[in-house]
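None of the figures in this text is laboratory data; all of them are computed from the coordinates on show. These numbers come from a predicted model, not from an experiment. Ideal geometry is used to build each Cβ from the backbone, glycine not excepted, and the neighbour counts take in all protein chains shown.
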Amino acid sequence: MKLYQIPGACLLVGSMLAACNTSSNKEKAAGTPALNQINLPAPYATESVTNYSEVIGWRDGKMPQAPAAFTVTEFARNLANPRWIYVAPNGDIFVAEATTEKRGKERIEAKRSGLAKSQNIGRSANRITLLRDANEDGVPEVQTIFLSGLNRPFGMLVLNNYFYVANTDGLWRYPYQPGQTRIKGRGTKIMDLPAGGYNNHWTRNLISNADGSKIYVAVGSGSNNGENGMEHEVRRANILEINPDGTGERVYASGLRNPVGMGWAPGTTTLWTAVNERDELGDDLVPDFLTSVKDGGFYGWPYAYFGPNEDPRMKGQRPDLVKKTLVPDVPLGAHTASLGLAFYDRAAFPAKYRGGAFIGQHGSWNRSVLSGYKVVFVPFHNGKPAGPPEDFLTGFVSEADHKKVHGRPVGVAVLKDGALLVADDASGSLWRVAAK
């Protein structure tokens with residue numbers, strides 16, 4: 001077992017989740033157990049397994065469960081794989097509806113393996129839906145198709161009277177005025193993006209800096225661990241930085257297998273990302289993570305993981321990169337598919353949540369016991385993690401059969417009224433979590 005120093009975190013793997021969450025402040029002050037120490041098992045300590053969940057939907061009045069101080073309501077339903085949520089400055093809510101498509105032999109194999117029961121694999125809706133809840137009563141009075149005919153859209157951004165959309169193969173922008181309910185004009189493609197490869201990594205997310213002078217584009221890898229050759233990974237497993245017109249591209253950070261969620265820690269200029277790590281090294285490797293992103297930083301993929309731990313499948317190929325691999329800040333458990341990220345920058349929730357991070361965990365397929373399938377919360381203090389992740393929105397895994405799930409949370413966003421909105425793509429729902 002290898003021991004690494006991780007600022008403000010403890011590894012949530014299997015039964016360790018309960019141990020991390022029950023550590024008292026007194027114990028932390030005494031240094032036992034320290035939050036910044038984790039044990040990583042050796043690669044292949046357990047067999048790599050394929051264990052797809054089966055989505056059964058929400059029946060008989062079942063709903064996700066939040067802590068006692070909150071209420072959960074269904075904000076929208078019957079959406080076509082609502083994957084990501086963006087809240088515009090005026091409070092309008094945009095939902096990207098897109099999915100992994102399987103056709104021909106891939107579709108046959110998905111049905112044989114059980115993948116088809118765990119996620120939507122049909123034709124992608126390829127659209128963005130607008131929802132508006134102007135009176136903030138938790139019931140949108142407007143729901144309309146805002147933009148359609150896209151190519152697996154995901155990240156969205158309103159900046160300088162433009163509406164930006166990150167398709168899987170390129171970044172587009174459209175003239176936009178706050179309050180409009182449909183894009184009618186032609187857009188402009190301002191940036192090509194690499195597409196294809198490992199199909200679950202089609203998502204491309206967007207975020208701008210505070211003054212709107214730069215846009216950051218998250219691009220996941222085209223493979224699990226570079227098995228198709230690194231020549232196919234150019235501009236992938238990176239966060240790219242560009243100017244708002246698409247020029248000036250540079251790699252802001254690299255070695256991030258699938259950095260989907262991005263956010264700025266409130267009160268700081270520090271970018272954070274939630275990263276979906278690699279598979280097939282065993283039940284408890286490799287932990288997904290939440291980390292601050294350093295300009296020019298390298299985070300390991302595919303040569304090393306969670307610090308300078310060399311991936312045995314890439315042994316001896318790039319010892320220089322293994323050595324320079326940065327250790328992430330907060331481990332989130334292996335195979336949890338930690339994808340969503342939203343910092344809580346409102347005041348409606350109790351004080352402990354203010355400034356902290358909510359993370360949507362889409363759920364495992366490469367673990368003997370399902371992991372993820374929930375939204376977790378990481379407390380922050382003065383812009384830095386102040387404790388281990390804790391469960392926030394649960395109940396997605398069936399109590400009657402732990403191989404079945406009601407839905408799969410992914411995108412998370414904070415609304416202008418201070419509620420948290422969670423995209424449940426597998427069930428086609430959006431869940432609203434509000435303080436009582």
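Considering only DSSP states other than H, G, I, E and B, which trypsin sites (Lys or Arg not before Pro) in segment 162-231 qualify as loop sites with at most 12 other Cβ atoms within 10 Å?
Working: sites: ARG173, ARG182, LYS184, ARG186, LYS189, ARG204, LYS214; in loops: ARG182, LYS184, ARG186, LYS214.
In loop regions of segment 162-231 (DSSP not H, G, I, E or B), the sparsely surrounded trypsin sites (Lys or Arg not before Pro) are ARG182, LYS184, ARG186.
Classify the chain as rounded, prolate or oblate, taking a ≥ b ≥ c as the square roots of the eigenvalues of its Cα gyration tensor: rounded when a/c is under 1.5, otherwise prolate if a/b is larger than b/c and oblate if not. Don't jump to the answer; show the numbers that get you there.
Working: a/c = 1.28, a/b = 1.16, b/c = 1.10.
Rounded, since a/c falls under 1.5.
Note down, for segment 149-273, the three equivalent ellipsoid semi-axes (square root of 5 times each alpha carbon gyration tensor eigenvalue), biggest first, whole angstrom. Mind showing how you got there, number by number?
On the way: eigenvalues 120, 65, 28 Å².
After diagonalising the Cα gyration tensor, the semi-axes are 24, 18, 12 Å.
Each residue of segment 56-62 in order: what ³J(HN,Hα) in whole Hz does its phi give by Karplus 6.51 cos²θ - 1.76 cosθ + 1.60, θ = phi - 60°, with x for Gly and Pro?
10, x, 9, 10, 6, x, 5
Would you list, by chain and number, the lysines whose Cα falls below 21 Å from the Cα of LYS436, excluding same-chain residues fewer than 8 positions away?
LYS62, LYS352, LYS374, LYS416
Highest mean first, how do 421-432, 224-235 rank when packing is the count of other Cβ atoms within 10 Å averaged over residues? Don't skip to the end; give the middle numbers.
On the way: 421-432: 25.2, 224-235: 15.2.
Ranking, from highest mean packing down: 421-432, 224-235.
Relative contact order for the chain using alpha-carbon pairs under 8 Å, separation at least 6, rounded to a whole percent? It would help to have the intermediate numbers written out before the result.
Details: 1206 pairs, mean separation 81.6, N = 436.
Over the chain, the number comes to 19 percent.
Holding the Cα-Cα limit at 22 Å, pick out from LYS117/LYS403; LYS105/LYS403; LYS294/LYS324 the pairs that are longer than that.
Details: LYS117/LYS403 11 Å; LYS105/LYS403 26 Å; LYS294/LYS324 13 Å.
Those over the limit are LYS105/LYS403.
Can you give me the C-alpha center-to-center distance between segment 336-354 and segment 118-159, rounded to a whole angstrom?
Taking the Cα centre of segment 118-159 as reference, the centre of segment 336-354 is 21 Å away.
For segment 249-334, what number results from the quotient of the Cα radius of gyration and 2.2 N^0.38 Å? Please list the in-between numbers first.
Working: Rg = 12.8 Å, N = 86, 2.2 N^0.38 = 12.0 Å.
Normalised by 2.2 N^0.38 Å, the Cα Rg of segment 249-334 equals 1.07.
How high is the relative contact order of segment 172-235? Use alpha-carbon pairs under 8 Å, at least six apart in sequence, and give a whole percent.
Details: 60 pairs, mean separation 15.3, N = 64.
In percent, rounded to a whole number, it is 24.
Order the peptides 63-73, 96-106, 339-349 from the highest to the lowest mean number of other Cβ atoms within 10 Å of their residues. Show your work: numbers first, answer last.
Working: 63-73: 15.3, 96-106: 17.8, 339-349: 20.8.
Most protected by this proxy first, the peptides run 339-349, 96-106, 63-73.
Counting DSSP beta bridges with both partners in the chain, what percentage is antiparallel, nearest 5? Can you show the working numbers first?
Values: 92 of 96 bridges.
About 95 percent, rounded to the nearest 5.
Taking only the Cα atoms of segment 50-199, how large is their convex hull per residue, in Å³?
Values: hull volume 23.3 nm³, N = 150.
Cα convex hull per residue, to the nearest whole number: 155 Å³.
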